[in-house]
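Participant: After the structure tokens below, expect a handful of questions from me.
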Amino acid sequence: MPLTIRKIETTKPGSKEIALSDGMGLELRISPKGQKGWRLRYTRPNGKRNMMSLGTYPEVSLAEAREKRTDARRLLAKGIDPVEQRRQDKRELIYATENTFKSLAKEWHETMAKRWKETSKRGTQSWGALESHVFPYVGSRAIDSIKPLEWLEVLRRLEAAGKFEQRRKLHSFCRDIYRFAIITGRATYNPLSDLGTALERQKRKHFSHISQSELPELVEAINGYDKSPLVRAGLKLLLMTAVRPGELRQARWEEFDLEAAVWKIPADRMKVGRPHQTPLPSQAISLLHELHAMTGKYRLLFPGRNDPRKPISDAAFGMALKRMGFHGRHVPHGTRHVVATGLKEMGFPGEWIEAQLSHKLPGIEGVYTHAQHMARDQRPQMMQQWANFIYSL
């Protein structure tokens, strides 16, 4: 006989558990302490008997308990165990709330932050880009539910704004987050792997740099720059070494062996992640002695004005060139183009020039060839001849 609310309310707890049946396996269990809970007895698809909880009374009313019984019987009719289905629903709920793209991006970022260099801006730049261009659109979504077309829309927003370099970096960050999710078992495929074919190609843009015919003008302007002796020395060293501006700004005195005429830059400060040696021509050594008199008491060659433990601003060299009249014509990184072109015109081997620029050779050659060409008659002689040419101007 089906249960009634009156029957439920008037039944008093006994010394043992009481079971009130509503039919078709549904029971209300009343404990000796008066607690009331719904139970459903059923036969699993494999033929074994089982029982599941449907909640407590009165939180789950008689009508709601009957609805839950009906739902369970529908699943059984399809050969689905309602207890297993409940577990699956719970797993999916956890997956949807804990495996969102933003939560996994945070995990990935915390993991990678330990590997990125202390001086690198990649940590703050990557998170800032994700917060601005990704999280507002797909951050709260389960990572496996985001379709390739949705990612295409996210990246094309940056294309439309002409931010191709930011799009490239963001594509790389998101692709790496999926790789991290797959490795840790939270995603099954990477929808960003093949998106490159659907994105607009970025036209390669070189850093602004002067021509060889304008080199005497640049040398004269640097020699006459009187706003900062540190910046003047830095611009001269860029011309004599062709290192990246960031590598020079962060240079430490401990890296220089002036007797051996070599500057050894550790791997953690190099773009390619390999230690690099650059020969020092005699003019550079003289300049370093002068610089040492100014900043030798600090660890850095170019200490910051407000905090000598940090290098000078990354805009210092660029601002100096603008003041000299090279705005739009030449930037600090463009010096590498000028030096490379000049060395090529002087007839030096391309491998020596690429080694001086610390470029990784393409393809399989780049994997196995680590030659630095530091024999006295190779890069040291090449850079000495280049310095002689610069000073002859």
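Participant: Do you know which residues across segment 185-202 are open to solvent by less than 60 Å² (accessible area, probe 1.4 Å) and either within 19 Å of the chain's Cα centre (by Cα) or closer than 18 Å to Val134 by Cα (or both)?
Facilitator: Scanning segment 185-202 gives Arg186, Ala187, Asn190, Pro191, Leu192, Leu195, Gly196, Leu199.
Here is a yes/no grid of residues against (1) under 23 Å from Ile5 (Cα atoms); (2) modelled with pLDDT of 95 or more; (3) open to solvent by 40 Å² or more (accessible area, probe 1.4 Å):
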site: Glu27; (1), (2), (3): yes, no, no
site: Gly34; (1), (2), (3): yes, no, no
site: Asn46; (1), (2), (3): no, no, yes
site: Met52; (1), (2), (3): yes, no, no
site: Gly55; (1), (2), (3): yes, no, no
site: Pro58; (1), (2), (3): yes, no, yes
site: Lys68; (1), (2), (3): yes, no, yes
site: Leu76; (1), (2), (3): no, no, yes
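Participant: Of the residues that sit in segment 272-287 and are in contact (Cβ under 8 Å) with a residue 40 or more places away in the chain and part of a helix (DSSP H, G or I), which one is most open to solvent (accessible area, probe 1.4 Å)?
Facilitator: Applying the filter and picking the extreme gives Ser282.
Participant: Which count do you get for residues in segment 216-227 that are more than 25 Å from Pro279 (Cβ to Cβ), open to solvent by less than 70 Å² (accessible area, probe 1.4 Å) and part of a helix (DSSP H, G or I)?
Facilitator: Looking only at that region, the number is 1.
Participant: Quick one: count up the residues across segment 101-148 that are assigned to a helix (DSSP H, G or I) and either under 23 Å from Gly185 (Cα atoms) or not aliphatic (A, V, I, L, M) (or both). Even if it seems obvious, please write down each step before you answer.
Facilitator: So the first thing to find is which residues in segment 101-148 are assigned to a helix (DSSP H, G or I), and the list is 101-113, 122-133, 135-138, 143-145, 148.
Adding the requirement that they be either under 23 Å from Gly185 (Cα atoms) or not aliphatic (A, V, I, L, M) (or both) leaves 101-113, 122-128, 130-133, 135-138, 143-145, 148.
Final tally of qualifying residues: 32.
Participant: For segment 370-392, give me the residue count where each residue is assigned to a loop (DSSP other than H, G, I, E, B) and open to solvent by less than 80 Å² (accessible area, probe 1.4 Å).
Facilitator: The number of residues fulfilling the criteria is 6.
Participant: Can you name the number of the only condition in (1) assigned to a helix (DSSP H, G or I); (2) free of Cβ contacts under 8 Å to residues at least 24 places away in the same chain that Gly162 fails?
Facilitator: Among (1) assigned to a helix (DSSP H, G or I); (2) free of Cβ contacts under 8 Å to residues at least 24 places away in the same chain, the lone unmet condition for Gly162 is (1).
Participant: Here is a list: Ser172, Ser213. Which entry is within 23 Å of Val339 (Cβ to Cβ), part of a helix (DSSP H, G or I) and of a type in the set (S, T, N, Q)?
Facilitator: Ser213
Participant: Counting just the residues of segment 349-365 that are closer than 24 Å to Leu248 by Cα and open to solvent by less than 50 Å² (accessible area, probe 1.4 Å), which one comes out modelled with the lowest pLDDT?
Facilitator: Looking at the filtered set, the residue picked out is Leu361.
Participant: Something else now. Return the residues of segment 1-25 that are open to solvent by 60 Å² or more (accessible area, probe 1.4 Å) and over 28 Å from Arg74 (Cβ atoms); say none if nothing qualifies.
Facilitator: Arg6, Glu9, Thr10, Lys12, Pro13, Ser15, Lys16, Glu17
Participant: Also, I was wondering about something else. Please work out which one of (1) open to solvent by less than 60 Å² (accessible area, probe 1.4 Å); (2) touching a Gly at 6+ places or on another chain (Cβ under 9 Å); (3) among the basic types (Lys, Arg) is the condition Lys310 fails and give its number.
Facilitator: With respect to (1) open to solvent by less than 60 Å² (accessible area, probe 1.4 Å); (2) touching a Gly at 6+ places or on another chain (Cβ under 9 Å); (3) among the basic types (Lys, Arg), Lys310 is out only on (1).
Participant: If the Cβ limit is 9 Å and pairs must be 6+ apart or interchain, which residue in segment 256-271 that is under 15 Å from Met383 (Cα atoms) pairs with which residue that is of a type in the set (Ser, Thr, Tyr) and open to solvent by 30 Å² or more (accessible area, probe 1.4 Å)?
Facilitator: Within 9 Å, the pairs are Ala261/Ser282.
Participant: Let me ask something additional. Taking only pairs six or more apart or across chains, which ones have beta-carbon atoms under 8 Å, a first residue in segment 35-48 that is on the phi < 0 side of the Ramachandran plot and free of Cβ contacts under 8 Å to residues at least 24 places away in the same chain, and a second residue that is part of a strand (DSSP E or B) and among the β-branched types (Val, Ile, Thr)?
Facilitator: Once the first residue is on the phi < 0 side of the Ramachandran plot and free of Cβ contacts under 8 Å to residues at least 24 places away in the same chain and sits in segment 35-48, its partners that are part of a strand (DSSP E or B) and among the β-branched types (Val, Ile, Thr) give Gln35/Thr56; Gly37/Thr56.
Participant: Name the residue that is farthest from Leu26 (Cα to Cα), counting only residues in segment 78-87 that are open to solvent by 40 Å² or more (accessible area, probe 1.4 Å) and assigned to a helix (DSSP H, G or I).
Facilitator: Arg87
Participant: Are any residues in segment 228-261 assigned to a strand (DSSP E or B) and in contact with a helix residue (DSSP H, G or I) (Cβ under 8 Å, 6 or more places away or on another chain), and if so, which ones?
Facilitator: Once the filter is applied, which keeps residues that are assigned to a strand (DSSP E or B) and in contact with a helix residue (DSSP H, G or I) (Cβ under 8 Å, 6 or more places away or on another chain), segment 228-261 yields only Phe256.
The values are calculated or read from the model by the stated rules, or taken from the named source; none is laboratory data. Treat the numbers as computed from the prediction; the structure is a model and nothing was measured. Cβ coordinates were reconstructed from backbone atoms using ideal geometry, including for glycine residues, and neighbour counts include every protein chain displayed. Surface areas here come from the heavy atoms of the whole protein model, side chains and all, with no ligands, DNA or RNA. Shrake-Rupley method; radii C 1.70, N 1.55, O 1.52, S 1.80 Å.
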